[in-house]
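Down below is the structure, laid out as structure tokens.
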Amino acid sequence: MEKTDQLYEGKAKKVFKTDNPEMLIVSYKDDATAFNGLKKGTIAGKGVINNKMSNLLMQHLESQGIPTHFIKELNDRETLVKKVNILPLEVIIRNIAAGSFSKHYGVPEGKVFESPTIEFSYKNDELGDPLCNSYHAIALGLCSREEIETVKKYAFKINDLLKAFWSECGVTLVDFKIEFGRLSDGTVVLADEISPDTCRLWDSETGKKLDKDRFRRDLGNVEDAYHEVMVRLQRSIESKKG
Ligand code: TMP
């Protein structure tokens with residue numbers, strides 16, 4: 001597959017066209033930002049870990065009936081994916097209070113919910129990704145009623161699958177953000193990435209943060225945390241192979 005023009009450069013990834021109009025190549029960077037780009041830094045080796053981890057998790061989800069954009073890992077940092085039109089919607093699922101939820105509602109971090117929550121934000125950097133509900137999303141023309149129902153159904157199923165998957169690695173899935181896209185035929189598939197940039201992952205025993213909160217909150221040992229979760233995930237996959 002030939003990589004051609006760069007289509008887009010985001011905060012953590014670049015996207016390239018290929019000679020196939022239905023396929024793109026994503027390239028993961030080590031750049032990290034937080035607070036809508038206000039805080040900037042580098043997490044050495046992050047791009048390699050996020051690429052590999054996202055691909056492993058997407059392949060697992062695909063095997064369990066969730067359609068994704070994943071086609072093929074090309075090298076350490078690059079993956080061939082199906083071209084989608086991203087729904088401009090961040091979909092956030094939470095199992096435990098943390099981050100903006102704790103701040104908005106005055107709930108201490110670590111409070112375990114009886115059942116998971118879902119929230120949406122309108123992906124728009126200029127507006128600071130404002131929260132919205134499904135009616136707002138439709139009114140804003142971000143997606144159709146049918147699409148938002150599909151997104152909700154997939155998001156909760158993804159949560160069940162990922163929670164179980166991480167639990168086997170001794171990791172608690174606190175919350176995560178996912179994005180969906182439309183293929184040219186209109187099919188809604190999981191897109192973007194699933195990584196320590198986009199999930200809160202806590203050590204199940206100690207509660208140690210093993211995700212991007214170490215960068216956001218200046219907790220130190222950021223690279224070690226990314227490496228730690230990647231090693232645990234790979235070990236777990238290896239042990240399943242027998
Ligand atoms: P929050 O508590 O800051 O709203 O974050 C919820 C989850 O979403 C957390 O796992 C981090 C992830 N997230 C992103 O992936 N991108 C973002 O821009 C933000 C704000 C959060």
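When the residues of region 158-188 are filtered to those that are of a type in the set (Val, Ile, Thr) and open to solvent by less than 20 Å² (accessible area, probe 1.4 Å), which remaining residue is nearest to the ligand (Cβ to nearest atom)? Step by step, filter region 158-188, then rank; the result is VAL174.
Against the condition open to solvent by less than 50 Å² (accessible area, probe 1.4 Å), in contact with a His (Cβ under 6 Å, 6 or more places away or on another chain), touching a residue at least 12 places away in the same chain (Cβ under 8 Å) and outside any loop (DSSP other than H, G, I, E, B), how does VAL81 come out, does it pass?
On the way: open to solvent by less than 50 Å² (accessible area, probe 1.4 Å): yes; in contact with a His (Cβ under 6 Å, 6 or more places away or on another chain): yes; touching a residue at least 12 places away in the same chain (Cβ under 8 Å): yes; outside any loop (DSSP other than H, G, I, E, B): yes.
Yes: the conditions hold for VAL81.
The residue that is nearest to GLY170 (Cα to Cα), counting only those in region 209-231 that are more than 14 Å from the ligand (Cβ to nearest atom) and free of Cβ contacts under 8 Å to residues at least 12 places away in the same chain, is VAL231. When region 99-131 is filtered for residues that are open to solvent by 70 Å² or more (accessible area, probe 1.4 Å), closer than 16 Å to LEU173 by Cα and not in a loop (DSSP other than H, G, I, E, B), the ones remaining, listed by number, are VAL112, GLU114, SER115. Pairs meeting the criteria (first residue in region 103-121 and on the phi > 0 side of the Ramachandran plot and touching a residue at least 24 places away in the same chain (Cβ under 8 Å), second residue assigned to a loop (DSSP other than H, G, I, E, B) and more than 13 Å from the ligand (Cβ to nearest atom), beta carbons under 8 Å, at least 6 apart or on different chains) are GLY110/GLY207. Filter region 189-208 down to residues that are open to solvent by 10 Å² or more (accessible area, probe 1.4 Å) and not in a loop (DSSP other than H, G, I, E, B) and give me whichever is nearest to the ligand (Cβ to nearest atom). So, considering only residues that are open to solvent by 10 Å² or more (accessible area, probe 1.4 Å) and not in a loop (DSSP other than H, G, I, E, B), the one nearest to the ligand (Cβ to nearest atom) is ARG200. Residues in region 30-47 that are in contact with a strand residue (DSSP E or B) (Cβ under 7 Å, 6 or more places away or on another chain) and open to solvent by 10 Å² or more (accessible area, probe 1.4 Å): ASP30, ASP31, THR33, LYS39, LYS40, GLY41, THR42.
The values are calculated or read from the model by the stated rules, or taken from the named source; none is laboratory data. Because the structure is a prediction, the values reported are computed rather than measured. As a convention, Cβ positions derive from the backbone with ideal geometry for all residues, glycine included, and neighbour counts pool all protein chains shown. To get the accessible areas, we keep the full protein, side chains included, count just its heavy atoms, and leave off ligands, DNA and RNA. Shrake-Rupley method; radii C 1.70, N 1.55, O 1.52, S 1.80 Å.
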